[in-house]
Amino acid sequence: MTTWTTQQLDSLGDTDEIEIAPRRAEGRLGRAKPIWIVRLDDDLYVRSYTGPDGHWYQTATHSGRAAITVGGTRRSVQLTPAPEVDRRAVDGAYRAKYGRSSYVTAMASDRAAATTVRVIPEPEEDR
């Protein structure tokens, strides 16, 4: 399995938001949407603000793949459900990073927490 470099973890963990474009079943990318991303140790997580009904979330979890863009750099990723992750730790990461926003309460809600997925880089040769 490919892992993030320390530099990539730092960059993605520090950025305010990323663009995520879910990969459809036939391989084509869907429309990109800005979302928040948090780092917990050596892993990155995203959630759907609108919960399981979120369009990007439904498409991405069906295929398990997406492309994320930060600062003009696109990277293909795998999205894997993360039911084993400590929800309180991820909630805390959202609160610590985005606490100034009125949206953080929704991101730490049961509905959004149910959509927590781990973001894993695709091997370079798969891009």
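Observations, loosely collected:
- Residue count, the range 51-66 (criterion: surrounded by fewer than 19 Cβ atoms within 10 Å (Cβ to Cβ) and under 12 Å from the mean Cα position of the chain (by Cα)): 1
- Conditions (1) in contact with a strand residue (DSSP E or B) (Cβ under 7 Å, 6 or more places away or on another chain); (2) surrounded by 19 or more Cβ atoms within 10 Å (Cβ to Cβ); number of the one not met by Ser48: (1)
- Residue that is among the small types (Gly, Ala, Ser) and either at positive phi or without any contact (Cβ under 8 Å) to a residue 12 or more places away in the chain (or both), where the choices are Gly27, Gly13: Gly27
- Screening Thr2 against (1) part of a loop (DSSP other than H, G, I, E, B); (2) free of Cβ contacts under 8 Å to residues at least 12 places away in the same chain; (3) polar (S, T, N, Q) leaves a single unmet condition, (2).
- Pair list, Cβ < 8 Å and 6+ apart or interchain, from the range 53-68 residues that are part of a loop (DSSP other than H, G, I, E, B) to residues that are surrounded by fewer than 20 Cβ atoms within 10 Å (Cβ to Cβ) and among the hydroxyl-bearing types (Ser, Thr, Tyr): Gly64/Thr80
- Residues that are surrounded by fewer than 20 Cβ atoms within 10 Å (Cβ to Cβ) and either in contact with a helix residue (DSSP H, G or I) (Cβ under 6 Å, 6 or more places away or on another chain) or part of a loop (DSSP other than H, G, I, E, B) (or both) do not occur anywhere in the range 7-14.
- Only helices (runs of 4 or more DSSP H) whose full extent lies in the range 73-118 are considered here, and none of them has at least 3 residues that are touching an Asp or Glu at 6+ places or on another chain (Cβ under 7 Å).
- Selection of the range 99-127 for residues being out of contact with any Pro (no Cβ under 8 Å at 6 or more places or on another chain), surrounded by 17 or more Cβ atoms within 10 Å (Cβ to Cβ), more than 18 Å from Leu9 (Cβ to Cβ) and not small (Gly, Ala, Ser) yields Val104, Met107.
FYI, it's all coordinate maths here, none of it is from the lab. Being a predicted model, the structure only gives us computed values, none of them experimental. Every residue, glycine as well, gets a Cβ built from its backbone with ideal geometry; the counts of neighbours run over all protein chains shown.
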